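Novice: The following block contains the structure, expressed as structure tokens.
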Amino acid sequence: MDAGTSRRGRREDFRLLTGSGRYTADWNLARQAHACFLRSDRAHAEIVTIDAGAARAVPGVLAVLTGADVVAAGFKTPPAILFMKGKGGSAFKLPHRHALAHERVRFVGEPVALVVAESEAAAQDGAERIAIDYRDLEPAITAEDALAAGAPQLHSDVPGNLAMEYEYGAPAPVEAAFAKAAHVARVSLEAQRIAGNPMEPKACLAAYHAATGIYDLYLPTQGMSALRDGLAQVAGVAPDKIRIHAHDVGGAFGVRNEVYPEFAALLLATRLLGRPVKWVGTRAETILSDHHGRGAKLTGALALDDEGNFLAVRIEWLVNLGAYASNAGPFINTGAAPTSSAVNAYRTPAAYGSHQLVFTNTTPTTAYRGAGRPNVSYLAERLVDEAARVSGIDRIALRRKNLIPKAAFPYKTPTGSTYDSGDPPGLLKQALEAADWKGFERRRRAAKRDGKLRGIGCAVFIEPSGGVGQEEIAIRFNADGALDLFTLSGASGQGHETVFPEIVADILGVPSDGVRLRASDPDAPPLTVGTGSFGSRSLISHGGALVTGAREVIRKGTELAAKELEVAESDLVFENGRYRVPGTDVSIGLGELAKRLAGAGEHPLDTQMKVAIAGAFPSGAHVCEVEIDPATGVLELIRYVAVDDAGKIYNHTIVEAQLVGGLVQGIGQAVGEHCVYEGETGQLLTGTFMDYYMPRADVLPALALYDRPVPSPANPLGAKGAGEAGTTGAIPAIANAVIDALKPCGIAHLDMPFTPHRIWQAMRKPTGS
């Protein structure tokens, strides 16, 4: 962030940097067996027979499970977020998904059999000896393929492979606006499928306790509630029979909040064998079977009057869901960012969107850092640049004319959402100044003399963060006065262990090193309302709930302190961790009071409560400058400026790290990441790091990050989300810069990823072809 801001370290860093962290693979239990999955090697086929005889004969193999075992166990369909309604009030068509494929496989990498053995090697040997006879079926790899007349049907209960048609906004005002528009800009973009690739691969250690009917599962997650409830639904048990353990999680990005079939299969295996069963996936399994991100074709049109005022926007998404519905996939492509921020940061009187969600013979897709937001900003900001091109109005002037002014907040959008606060014009002004936008043409000329094509692009965005509903927390006092905080959050690098205790300690006026976070702890007081860490919600939701809880502790303490000091409650004030009577030396510290009141049983200051929460809308303005070598197509990011409004910031070091992480993942999608399927067979061609691009440190340009906060009125912290802003801003800013650099070549459109080959080919394609 900008110079002079405070920097505080994270209390979890020493553990993680010295190798003392405890990830899923680090857990081991007595008598544990090891598991290996056999996966489908084809995209679409009927399973004729499975012969596991040779596998069971391998020394050390304990069991081989198939889809028949899952069916016999009565396992149910994993849940998905499906409260939104489609066109005409229609519901999402949710097909059943077996923990192990039964009768048919629907994507390469789908688990078909599970081998459990005394050692990992024996389990692998057993899996290699399973013989499966398939009857191949034609696959549908793209959404267009799946919707075509005569396309192969993936699920009998999903006609035409169309899971949902979703719409938002109002079509009539949009059509009227387009009819009178002086200018119309149109773009069609591919938001290509990408792999989440957390540092820690998917893994799980499952143990069943027959006497109690309780399952203990050790796995990487973004908070225990979604997995606990989801696995309970699949297995047909009460949620309190599922105990989730996730001490350290090596990255999540949305793909670790899923009820994966492997987890359910391991539940069954440990119950049938009566022993713990451990499985650690390989990197290839992670790329192949972790739910992917993005995967949508985005089409938009923007209507303007002759002065450049935005009149209306029309939006269409064609979404590739993959073979099954993930937990978040349906929601992030309908009722989340697409609806709430459809007009982005611009005053646009009318908007209408229509999305088609389609099943295909590919890995299912889900939330990935940004979870729909980057698609919204990418489409919106490419539309604005295209509108500048077709209207002849300068792209910055066009933005300034149409950005929502600070005074207009809270701003009600035509799709029904309300932006709580922001200052988009101020963000843009600061970003342009910091990037020396006015001096760019001089730098472009200098680059041209060196034989390079230089371009500059900007993107302004506003995005949803947090959520609605309630979040439950608990605060417990120990006998020594130390505090434990309990939430349903699930950190995967965000620094919760540092920030949440600091916030509560500041309110209570106690040393932060005496406050400990116990997030998603299975031994915590039962927390029944709330959810985990995704959607840039942790500080807003969990942090906001803890603030409310801390204030309740102070309220309780006022009554108790009055009794201890033998004064009236109304005589007391609470300041800097002490209850005192103004004008006297009568006082008592909260820590001292807590120690005096400690005894057997519940502490009188203990607090557990359900707190109503609301979302907030962070925003930003990003500028990227690039150079392209026309001889090779090599793209270099030269400079990057980001000015963000993340509300009130409580730890600049952590927020800066979140922004940089988001930027890197946005850069990765823009310049190289792409899950590529072979069109006829459905084989994933980018299944290892030999073929799948991953951004590294050397791709980062010179960064200049600034915060320009407008505190949110929607939560007690004044906070807004920060974890996804980097990705949401980077993709459109880089895309606009690349198209600007290619403008002298007559290129007005190019899809991501902007690889050297793709750029080189575009530059050699005849203009207009």
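Novice: Looking for something within 20 Å of Asp420 (Cβ to Cβ), in a loop (DSSP other than H, G, I, E, B) and within 23 Å of the chain's Cα centre (by Cα) - is there at least one such residue anywhere in the range 537-556?
Specialist: There is at least one residue in the range 537-556 that is within 20 Å of Asp420 (Cβ to Cβ), in a loop (DSSP other than H, G, I, E, B) and within 23 Å of the chain's Cα centre (by Cα).
Novice: So if I check each of Ala45, Ala122, which one is open to solvent by less than 60 Å² (accessible area, probe 1.4 Å), farther than 30 Å from Asn257 by Cα and out of contact with any helix residue (DSSP H, G or I) (no Cβ under 8 Å at 6 or more places or on another chain)?
Specialist: Ala122
Novice: May I ask you to list the residues in the range 557-579 that are open to solvent by less than 50 Å² (accessible area, probe 1.4 Å), in a helix (DSSP H, G or I) and not small (Gly, Ala, Ser)?
Specialist: Scanning the range 557-579 gives Thr558, Leu560, Leu565.
Novice: Here is a follow-up. Among what's in the range 292-344 and is in a strand (DSSP E or B) and of a type in the set (Val, Ile, Thr), pick the residue that is nearest to Phe92 (Cα to Cα).
Specialist: Once the filter is applied, the top-ranked residue is Val319.
Novice: For the range 304-332, give me each residue that is surrounded by 23 or more Cβ atoms within 10 Å (Cβ to Cβ) and among the small types (Gly, Ala, Ser).
Specialist: Matches in the range 304-332: Ala312, Gly322, Ala323, Ala325, Ser326, Ala328, Gly329.
Novice: While we're looking at this one, here's another question. Is it the case, given these coordinates, that Asn375 is of a type outside the set (A, V, I, L, M, F, W, C), surrounded by 24 or more Cβ atoms within 10 Å (Cβ to Cβ) and over 30 Å from Ala550 (Cβ atoms)?
Specialist: The answer is yes for Asn375.
Novice: Please name all residue pairs, on different chains or six or more residues apart, with Cβ atoms under 9 Å, provided the first residue is in the range 750-763 and is on the phi > 0 side of the Ramachandran plot and the second residue is charged (D, E, K, R) and open to solvent by less than 60 Å² (accessible area, probe 1.4 Å).
Specialist: none
Novice: Just one of Gly481, Gly490 is modelled with pLDDT under 90, assigned to a loop (DSSP other than H, G, I, E, B), closer than 25 Å to Glu602 by Cα and open to solvent by less than 30 Å² (accessible area, probe 1.4 Å); which is it? Spell out the reasoning first.
Specialist: Values: Gly490 fails: closer than 25 Å to Glu602 by Cα.
None of the other options fit; the residue is Gly481.
Novice: In addition: Tally time: how many residues in the range 661-715 are part of a loop (DSSP other than H, G, I, E, B) and either closer than 30 Å to Phe359 by Cα or more than 22 Å from the chain's Cα centre (by Cα) (or both)? Please lay out each step first, then the result.
Specialist: Looking only at the range 661-715, we keep the residues that are part of a loop (DSSP other than H, G, I, E, B), and these are 672-676, 678-683, 685-696, 700-701, 708-715.
Imposing the further condition that a residue be either closer than 30 Å to Phe359 by Cα or more than 22 Å from the chain's Cα centre (by Cα) (or both) reduces the set to 672-676, 678-683, 685-695, 701, 708-711, 713.
Of the residues in the range 661-715, 28 are part of a loop (DSSP other than H, G, I, E, B) and either closer than 30 Å to Phe359 by Cα or more than 22 Å from the chain's Cα centre (by Cα) (or both).
Novice: Still on this structure, I have one more. Taking the range 396-413 on its own, how many of its residues are surrounded by 20 or more Cβ atoms within 10 Å (Cβ to Cβ), in a helix (DSSP H, G or I) and not hydrophobic (A, V, I, L, M, F, W, C)?
Specialist: Count: 2.
Novice: Here's another thing I want to ask about it. For the range 159-177, state whether one or more residues are in contact with a Ser or Thr (Cβ under 8 Å, 6 or more places away or on another chain), small (Gly, Ala, Ser) and under 28 Å from Arg294 (Cβ atoms).
Specialist: Checked the range 159-177: at least one residue is in contact with a Ser or Thr (Cβ under 8 Å, 6 or more places away or on another chain), small (Gly, Ala, Ser) and under 28 Å from Arg294 (Cβ atoms).
Novice: Now, a different point. Does Ala388 qualify as being open to solvent by less than 20 Å² (accessible area, probe 1.4 Å), assigned to a helix (DSSP H, G or I), more than 30 Å from Val676 (Cα to Cα) and not basic (Lys, Arg)?
Specialist: Spelling it out, Ala388 is indeed open to solvent by less than 20 Å² (accessible area, probe 1.4 Å), assigned to a helix (DSSP H, G or I), more than 30 Å from Val676 (Cα to Cα) and not basic (Lys, Arg).
Novice: Now for a separate question. Can you report the number of residues in the range 341-372 which are surrounded by 24 or more Cβ atoms within 10 Å (Cβ to Cβ) and of a type in the set (Lys, Arg)?
Specialist: Summing the residues that are surrounded by 24 or more Cβ atoms within 10 Å (Cβ to Cβ) and of a type in the set (Lys, Arg) in the range 341-372 gives 1.
Novice: Follow-up. Residues Leu383, Leu357, Leu379: which one is of a type outside the set (Asp, Glu), under 20 Å from the mean Cα position of the chain (by Cα) and within 22 Å of Pro414 (Cβ to Cβ)? Quick ask: steps written out before the conclusion?
Specialist: Details: Leu383 fails: under 20 Å from the mean Cα position of the chain (by Cα); Leu357 fails: within 22 Å of Pro414 (Cβ to Cβ).
The conditions single out Leu379.
Novice: Hey, another quick one. Pairs needed: first member in the range 192-215, over 30 Å from Trp317 (Cα atoms); second member anywhere, open to solvent by 30 Å² or more (accessible area, probe 1.4 Å) and assigned to a strand (DSSP E or B); C-beta distance under 6 Å; at least 6 residues apart or different chains.
Specialist: Qualifying pairs under 6 Å: Ala203/Val280; Tyr215/Tyr208.
Novice: Further, regarding this structure: Can you tell me how many residues within the range 60-75 are in contact (Cβ under 8 Å) with a residue 40 or more places away in the chain and exposed (fewer than 15 other Cβ atoms within 10 Å of the Cβ)?
Specialist: 1
Novice: From the list Ala181, Ala163, Ala131, exactly one residue is touching a residue at least 60 places away in the same chain (Cβ under 8 Å) and closer than 30 Å to Ile739 by Cβ. Which is it?
Specialist: Ala181
Novice: Quick test for you: out of Leu635, Leu593, pick the one residue that is more than 30 Å from Asp423 (Cα to Cα), touching a helix residue (DSSP H, G or I) at 6+ places or on another chain (Cβ under 9 Å), of a type in the set (A, V, I, L, M) and open to solvent by less than 10 Å² (accessible area, probe 1.4 Å).
Specialist: Leu593
Novice: Being farther than 14 Å from Asn257 by Cα and among the hydroxyl-bearing types (Ser, Thr, Tyr) is the filter here; which residues of the range 321-337 pass it?
Specialist: Tyr324, Thr334
Novice: Leu114 - would you say it is modelled with pLDDT of 95 or more, open to solvent by less than 50 Å² (accessible area, probe 1.4 Å), in contact with an Asp or Glu (Cβ under 7 Å, 6 or more places away or on another chain) and in a strand (DSSP E or B)?
Specialist: No, not satisfied.
Novice: Could you grab me the full set of residues in the range 716-769 that are assigned to a loop (DSSP other than H, G, I, E, B), among the aliphatic types (A, V, I, L, M) and under 29 Å from the mean Cα position of the chain (by Cα)?
Specialist: If the condition is that a residue be assigned to a loop (DSSP other than H, G, I, E, B), among the aliphatic types (A, V, I, L, M) and under 29 Å from the mean Cα position of the chain (by Cα), then Leu717, Ala722, Leu750, Met752 are the ones that fit.
Novice: OK, next. Based on what the data block shows, is Ala177 at negative phi and modelled with pLDDT of 95 or more?
Specialist: On the way: at negative phi: yes; modelled with pLDDT of 95 or more: yes.
For Ala177, the condition - at negative phi and modelled with pLDDT of 95 or more - is met.
Novice: Please work out if Thr686 is in contact with a helix residue (DSSP H, G or I) (Cβ under 8 Å, 6 or more places away or on another chain), among the hydroxyl-bearing types (Ser, Thr, Tyr) and open to solvent by less than 30 Å² (accessible area, probe 1.4 Å).
Specialist: yes
Novice: Taking Ala284 as meeting all but one of (1) aliphatic (A, V, I, L, M); (2) closer than 17 Å to Asn197 by Cα; (3) open to solvent by less than 10 Å² (accessible area, probe 1.4 Å), write down the number of the exception.
Specialist: (3)
Novice: Follow-up question, since we're still on this one. Across the range 179-229, what is the total count of residues that are open to solvent by less than 20 Å² (accessible area, probe 1.4 Å), aliphatic (A, V, I, L, M), out of contact with any Cys (no Cβ under 7 Å at 6 or more places or on another chain) and assigned to a strand (DSSP E or B)?
Specialist: 8
The values are calculated or read from the model by the stated rules, or taken from the named source; none is laboratory data. Keep in mind that what you see is a predicted model, and the values were worked out from it rather than measured. A quick note on method: Cβ atoms are made from the backbone with ideal geometry, for glycine too, and the neighbour counts reach across all protein chains shown. Note: areas computed on protein heavy atoms with side chains; ligands, DNA, RNA excluded. Shrake-Rupley method; radii C 1.70, N 1.55, O 1.52, S 1.80 Å.
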